[in-house]
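The next block holds one structure in the form of C-alpha cells; read it before the comments.
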Amino acid sequence: MSDVNGSNGSTGGVGSFKVKAGLAQMLKGGVIMDVVTPEQAVIAEEAGACAVMALERVPADIRRDGGVARMSDPDMIKGIIEAVSIPVMAKARIGHFVEAQILEAIGVDYIDESEVLTPADEEYHIYKHDYKVPFVCGCRNLGEALRRIGEGAAMIRTKGEAGTGDVVHAVWHARTVLSDIRKLQGMPTEEVMTFAKEIGAPFELVMQTRELGRLPVVNFAAGGIATPADAALLMQIGVDGVFVGSGIFKSGDPAKRARAIVEATTHYNNPEILAKVSENLGEAMVGINVSSLPTEEQLSTRGW
Amino acid sequence: MKIGVLALQGAFHEHIKMLNQLGVEAVEVRLPADLDGLSGLIIPGGESTTIGKLAVIYKLMEPLRAFAAKKAVWGTCAGMIFMAKDIGIDQPLLGIMDIIVERNAFGRQVDSFETALNIDGLSGDKPFPAIFIRAPRLVEAQAGTQIISTLEDGTAVAAKQGNWLVTSFHPELTGDDRMHQMFIDMAQAMNE
C-alpha cells in the first residue's frame, strides 16, 4: 500500500495499490456479468450490474467449442467500453503479460487473469504490481489467493467451475477459503510460519489475513452461479459479491434473470424477497453436473 | 445516536466500521422501514446506476427524500452522484442537492489516484488523504452550497449545503476518521 503525500494535486498516486483495491471495494455487494456484445452490456447495466466482463465467448461456449481460448478482440472490448458507464473488465490468459499490456492500453478497468482462457504459462502468473490497471485472479483456497495477492492481484474470486451452471464448486472454494482463515485465526502465533509454508503463501500476507480475519482484498464468488438463490447462497456463506458468467445470457430471459440476481445479491438475507425475485424467470441455463467432468476438463485446476 | 448506511450495493461495510470505531451505532439500510429512528444517513461509493435502480425498485426514493429534508445525509462518490440534481445523463437520482455533477470526470480506472486535500472545517492541521476512484466532480453548485475542498487546478471535490455533505473521494477507505467525525457532528446538530 503506498503512502499518500504531496499537497492538493490531481495526478499523484495514480495506480497505487490502494486505488486498485479500492475499485473492488466499490463493486462489493454487486453482480459482475459476462457479456459478449455491446447490446448485452447495456442489458446488464440496465439490470443493475456493478460491472461487466467483456469476452468473445462465455465459458459455456468455450467449453463446448474446445480449442484455444484467448484474449478477446480489443475492438470488441472497446465497443463494450463505449456502450456502458459502469466498469468494464476483460480476461487475459494466465501468464500472458502481453495480453495484459494490451488490455491496459485500451483502458479496461480490471483485468481478470483467468483460468477460463487457455493458460499461456504453466508455471508463472503475471507480475501484477507492474500495472496501473488492477487485476482479479481466481483461487480455490487461501494459499492460492495469497500467492495471487503477493503477485499484485487487487481482487480475488473463488473459481468454482465456469460454464457449468453447477454451483457446487463455487460453494466448495468459497467455504475452503473461509475455513482456512478461521483455522489460521485459531492457531497460536508460533504455528503461523509452518502454516504459511504448508499452504505456499507469503508469511506477511498470512499474518495480515490473520489480523483482519478476512482476505486483505475483496473476494467475490464465481463459476456456476445460475439463479438468484445461488447468488444469495454465496453471499450468506460470506463472499463480497458474485460473478455470473454463462448463467445470464444462456438462460431463457436474460434481462429478467439478471435483475433478479442483482436483487438477490442485495437482499441475500431476506427470504421473502428471494422468493419473489425467483418467480417466473423462465429457463435457467442448461447445466453440466461438475461431478461428471473429468479432472482435465475442470478449468479450476488451472493456476499455480 | 444511530446512523444508517445505504446498503444496496458498494462500500457500505467500510463506512459502518468507521462509524463503529467512533463509537456510533450503524445500521444497514435496504428498505424504507430501515430509516426509522436514524439520525443521519451515509450513501456510500459503489455503482450509482446499480444503487439508483435498486432504490427505485424497492421504493426508497421518496422515503430518502423525506429523510434528507430533516436529517443529515452524506454521499461519497456514487452517493454524491445520487444526491445531485443533474448529472447530464439519464439515471435515477434523489436530486436533493443543488449541484451539477459529472460522472467519471477524471477518466477510467487507470486514471484513479490518491492525493492530500485541505478541507474547510476539518479538525487538525494535517491534510486529508483522499482516494479518487473513477471519481465524479462538482461542475456547478447553486448559491447556498459551500465548496469545502478543491484540487490544485480548482476542481471542486467536496461541498456542504445545510445538513448535506458530498465528497468525490472515499474517506471510508482511509485510516483517517475526521470526515466521519465531521458528519457525526452534523447529524448531532440536526437532532438538537
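The values are calculated or read from the model by the stated rules, or taken from the named source; none is laboratory data. Everything quoted here is computed from the prediction, not taken from an experiment. Cβ atoms come from the backbone with ideal geometry, glycine included; neighbour counts cover every protein chain shown. What goes into the accessible areas is simple: the full protein's heavy atoms, side chains included, and nothing from ligands, DNA or RNA. Shrake-Rupley method; radii C 1.70, N 1.55, O 1.52, S 1.80 Å.
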If you take every DSSP beta bridge whose two residues both sit in the protein assembly as shown, what share of them, in percent to the nearest 5, is antiparallel? 30 percent
Two-site label geometry, A:A105 and A:Q185: point separation in nm, points 7 Å out along Cα→Cβ: 4.5 nm
Size of charge dipole - region B:102-186 - debye, nearest 20, with Cβ of Lys, Arg +1 and Asp, Glu -1, no other charges: 220 debye
State the extension gain, in nm to one decimal, for the chain segment bounded by A:V68 and A:I237, taking 0.36 nm per residue of separation less the distance between their alpha-carbons. 57.4 nm
Quick check: the distance between the Cα centres of region B:92-107 and region A:146-183, to the nearest angstrom? 36 Å
Considering every residue in A:17-24, what mean count of other chain Cβ atoms within 10 Å of its Cβ is obtained? 6
Within 10 Å of the Cβ of an average residue in A:41-50, the count of other chain Cβ atoms is 3
If you average the alpha carbon positions of region A:188-219 and of region A:22-71, how far apart do those two centres end up, in angstrom? 31 Å
I'd like to check one number: the per residue accessible area of the protein assembly as shown, probe 1.4 Å, reported in Å² as a whole number. 37 Å²
Using only DSSP helix segments of four residues or longer, with each worth -39500 (n - 2.57), what per-residue ellipticity at 222 nm results for chain B after dividing by its residue count and rounding to 500? -7500 deg cm²/dmol
Packing-ranked peptide list from B:78-90, B:12-24, highest mean Cβ count within 10 angstrom first, is B:78-90, B:12-24
Taking 10 Å² as the minimum loss, tell me which residues in region B:37-76 lose that much accessible area going from the chain by itself to the full protein complex (1.4 Å probe). B:G46, B:E47, B:T49, B:T50, B:K53, B:L54, B:I57, B:Y58
Distance violations [Cα-Cα > 24 Å] among A:K18/A:K250; A:K183/B:K2; A:K276/B:K70; B:K2/B:K59; A:K20/B:K17; A:K20/B:K85: A:K18/A:K250; A:K183/B:K2; A:K276/B:K70; A:K20/B:K85
Restricting to DSSP H runs of at least four residues, report the calculated mean residue ellipticity at 222 nm for chain A, -39500 (n - 2.57) per run over all residues, nearest 500 deg cm²/dmol. -12000 deg cm²/dmol
Any chance you could get the radius of gyration and Dmax over the Cα atoms of the protein assembly as shown, in Å? 21.8, 68
Mean per-residue count of partner chain Cβ within 10 Å for A:125-133 equals 1
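State the percentage of accessible surface on the protein assembly as shown attributable to carbon and sulfur atoms; use a 1.4 Å probe and exclude ligands, DNA and RNA. Mind showing how you got there, number by number?
On the way: 9070 of 18470 Å².
Here carbon and sulfur together make up 49 percent of the probe-accessible area.
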Taking a ≥ b ≥ c as the square roots of the Cα gyration tensor eigenvalues, with a/c under 1.5 meaning rounded and otherwise prolate when a/b beats b/c, else oblate, which class fits region B:2-190? rounded
Net charge over other residues, Cβ less than 15 angstrom from the Cβ of A:K276 (K, R count +1; D, E count -1): +2
Under a Cβ-only charge scheme (Lys and Arg +1, Asp and Glu -1), can you give me the dipole magnitude of chain A about the Cα centre, in debye to the nearest 20? 500 debye
Solvent-accessible area buried by A and B, counting both chains, probe 1.4 angstrom, square angstrom: 3700 Å²
Relative contact order in percent for chain A (Cα pairs under 8 Å, 6+ apart) equals 19 percent
Please give the charge dipole size of region B:2-190, origin at the Cα centre, charges +1 on K and R Cβ atoms and -1 on D and E Cβ atoms. Round to the nearest 20 debye. 440 debye
Out of B:V5, B:Q142, B:G121, whose Cα points farthest toward the positive end of the dipole of the protein assembly as shown (charges: +1 Lys, Arg; -1 Asp, Glu; placed on Cβ)? B:V5
Comparing the chain by itself with all protein chains present, which residues of region A:245-266 are at least 10 Å² less accessible (probe 1.4 Å)? A:R259, A:V262, A:E263, A:T266
For region B:170-190, which residues drop by 50 square angstrom or more in accessible area between the chain on its own and all protein chains together (1.4 Å probe)? B:L173
Sorted on mean Cβ neighbours within 10 Å (highest first), peptides B:44-54, A:55-65, A:138-148, A:91-101 come out as B:44-54, A:138-148, A:91-101, A:55-65
Packing-based order for A:33-44, A:216-227, A:280-291, using average beta carbon neighbours within 10 Å, highest first: A:216-227, A:33-44, A:280-291
Per residue of region A:274-280, in order, report the coupling 6.51 cos²θ - 1.76 cosθ + 1.60 (Karplus, θ = phi - 60°) as ³J(HN,Hα) in whole Hz, putting x for Gly and Pro. 4, 5, 5, 6, 7, 6, 6
Using amide H atoms built 1.01 Å from N in the peptide plane, name the residues 5+ places from A:E113, or on other chains, whose amide H lies under 5 Å from its own. A:A92, A:V136
